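> Have a look at this one before I ask anything.
The values are calculated or read from the model by the stated rules, or taken from the named source; none is laboratory data. Computed from a predicted model, the values in this text were never measured in an experiment. Ideal geometry is used to build each Cβ from the backbone, glycine not excepted, and the neighbour counts take in all protein chains shown.
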Amino acid sequence: MDTIRIGKNIKRLRREKAITQNELSERLNISYQAVSKWERGVSLPDVSLLIDLANILETTTDNILLGGGKIMEYNNKLSAKEIKQALLELAQLKDKIGKDNTLYQGIINGINTSMNIDIEECFLDNYKFEAIIAEVIIQNFISGAYIDLSEAKTVFENERWFDMVAKYAKKYAIV
């Protein structure tokens with residue numbers, strides 16, 4: 001365990017709640033010096049205090065012990081380049097099986113309805129197409145997939161969409 005990281009996290013959480021070291025120590029029935037030692041990484045909270053500490057700081061014991069990190073078990077690993085390629089192939093499906101084909105129409109109508117967009121319009125506009133790539137990557141983060149951010153950066157020309165992906169990667173502990 002990284003005592004320094006845990007201590008910094010406790011300090012950050014305490015300050016976010018506008019609680020002083022003294023107030024925290026009183027609520028936990030310990031000395032303020034003990035809180036100071038945690039925050040400096042000299043020692044760790046006693047196991048018997050973790051649940052109360054987490055409740056006071058409005059977090060989880062995992063968050064405290066991981067120094068602000070999140071526990072995440074990825075259910076699969078995906079490639080941003082492969083996601084982009086799959087969407088490009090979807091864009092070409094009209095030419096391969098015919099725009100009037102029932103299967104193609106069903107796929108397009110399903111996407112348009114569920115995402116409230118015109119996917120064919122997105123295929124023709126690179127900015128909108130990259131927005132779709134970002135959306136697919138973010139949905140996969142939410143579903144527990146791992147996608148390497150350095151690889152993801154290579155699929156975007158527009159920095160806005162990569163920044164959005166990076167924001168969600170941080171939120172879902174991908175980085």
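> Of all residues in segment 137-159, how many are within 18 Å of Gln92 (Cβ to Cβ) and surrounded by fewer than 18 Cβ atoms within 10 Å (Cβ to Cβ)?
The qualifying residues number 0.
> Look through Ile51, Ile10, Ile6 and report the one residue that is of a type outside the set (D, E, K, R), under 17 Å from Leu66 (Cβ atoms) and touching a residue at least 60 places away in the same chain (Cβ under 8 Å).
Ile6
> Can you tell me which of (1) modelled with pLDDT of 95 or more; (2) under 30 Å from Val136 (Cβ atoms); (3) not in a helix (DSSP H, G or I) is the one Ile30 doesn't meet?
In the conditions (1) modelled with pLDDT of 95 or more; (2) under 30 Å from Val136 (Cβ atoms); (3) not in a helix (DSSP H, G or I), Ile30 misses (2) alone.
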